Amino acid sequence: IEYEITWNNGNATVKLTTNSKYTLEYSKDDKEYIEGTTVNGLKHGDAIYARLTNGTYAGEAIKINIRDEEKPKVVINKGTVTTKSIEIMAKGTDNESGLIKENGYTYYISNVNGEIEGVAGKNGTGIYVFDNLDQNTEYTIRVEVEDVAGNKGETEVKIKTEMIPGAEEGIKRETKWNSDGIVEISLTTETDFEILYSRDREMWLTYLDT
């Protein structure tokens, strides 16, 4: 007896074949046997038994264990990145037993020295935001996914946080003098950051372009 196991959406199918003249039959409990060559709807951890029969007598059965031993795969896409946060969108795939539904994604991020320490978080969506980060710093991000069989796969990417530009390159200035010798300064920026101004470099106020 030869057999092939295929998977579809977490379900396994066993296809039985033989080169002998005898009839194939299978059982899920090694007690009640059914004539047939295809067994559907099996899960990781299940087992079936297969044997040959001439209708009166049967040969010794073989046990076929349904096991998913393949690691799931995961791809990481970069989402919104700011000076203090990184959003990622991970997509895990498993063509055998399937990913676990609850907390199937585990997220890790390195410290500023590039060392990954503990778990940053878990969920079942694949979308995660790492926050309270340092600006202009490259972080190593790892995502681990787990399937129903307990196999784990992981992928790492490096993503750098943004940096707030200096005033010289980030702020455009326009000055106008009136007849009383008073200067009016207009400030604009093409960045997504707000402009702060100060007269003494101690107290900073939000600039409103009016």
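The values are calculated or read from the model by the stated rules, or taken from the named source; none is laboratory data. All values derive from a computational prediction rather than experimental measurement. Using ideal geometry, Cβ is built from the backbone for each residue, glycine included, and neighbour counts are taken over all protein chains shown. Just the protein is used for accessible areas: all its heavy atoms, side chains included, with ligands, DNA and RNA removed. Shrake-Rupley method; radii C 1.70, N 1.55, O 1.52, S 1.80 Å.
Quick look at the numbers
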quantity	calculated
Residues of the stretch 105-135 classified as open to solvent by less than 70 Å² (accessible area, probe 1.4 Å) and either closer than 12 Å to ILE159 by Cα or not aliphatic (A, V, I, L, M) (or both), total	16
Qualifying residue in the stretch 150-164 (condition: without any contact (Cβ under 8 Å) to a residue 60 or more places away in the chain and exposed (fewer than 10 other Cβ atoms within 10 Å of the Cβ))	no
Selection from the stretch 35-67 of residues that are farther than 29 Å from ASN151 by Cα, open to solvent by 80 Å² or more (accessible area, probe 1.4 Å) and touching a Phe, Trp or Tyr at 6+ places or on another chain (Cβ under 6 Å)	ASN54
Residue within the stretch 170-185 that is within 20 Å of the chain's Cα centre (by Cα) and either in a loop (DSSP other than H, G, I, E, B) or at positive phi (or both) present	no
Residues within the stretch 7-27 that are aromatic (Phe, Trp, Tyr), more than 16 Å from GLU96 (Cβ to Cβ) and either open to solvent by 60 Å² or more (accessible area, probe 1.4 Å) or under 38 Å from the mean Cα position of the chain (by Cα) (or both), tallied	1
Positions within the stretch 124-167 being under 17 Å from TYR108 (Cβ atoms) and in contact with a Leu (Cβ under 8 Å, 6 or more places away or on another chain), in sequence order	TYR139, VAL145, GLU146, THR161
Matching residues in the stretch 97-137 - criterion: being among the hydroxyl-bearing types (Ser, Thr, Tyr) and touching a Lys or Arg at 6+ places or on another chain (Cβ under 6 Å)	THR106, TYR108
Residue that is more than 30 Å from LYS91 (Cα to Cα), out of contact with any helix residue (DSSP H, G or I) (no Cβ under 6 Å at 6 or more places or on another chain) and open to solvent by 60 Å² or more (accessible area, probe 1.4 Å), where the choices are GLU4, GLU32	GLU32
Members of the stretch 81-109 found to be closer than 30 Å to ASP134 by Cβ, of a type in the set (Ser, Thr, Tyr) and either modelled with pLDDT of 95 or more or within 10 Å of the chain's Cα centre (by Cα) (or both), listed by number	SER85, TYR105, THR106, TYR107, TYR108
Close pairs (6 angstrom Cβ cut-off, 6 or more residues apart or separate chains): at negative phi and in contact (Cβ under 8 Å) with a residue 40 or more places away in the chain in the stretch 96-115, open to solvent by less than 70 Å² (accessible area, probe 1.4 Å) and acidic (Asp, Glu) anywhere	GLU96/ASP68; SER97/ASP68; SER97/ASP147; LEU99/ASP147; ILE100/GLU146; GLY104/GLU146; THR106/GLU144
Residue within the stretch 28-41 that is over 23 Å from the mean Cα position of the chain (by Cα) and under 21 Å from LEU99 (Cβ atoms) present	yes
Inter-residue pairs, beta-carbon under 8 Å, first under 8 Å from ILE171 (Cα atoms) and in the stretch 184-196, second of a type in the set (Phe, Trp, Tyr) and in a strand (DSSP E or B), 6+ apart	LEU187/TYR197
Qualifying positions in the stretch 68-80 - surrounded by fewer than 16 Cβ atoms within 10 Å (Cβ to Cβ) and part of a strand (DSSP E or B)	LYS73, VAL75, ASN77, LYS78, GLY79, THR80
Search result, residues across the stretch 167-207 that are aliphatic (A, V, I, L, M) and either surrounded by 10 or more Cβ atoms within 10 Å (Cβ to Cβ) or touching a His at 6+ places or on another chain (Cβ under 9 Å) (or both)	ALA167, ILE171, ILE185, LEU187, ILE195, LEU196, LEU205
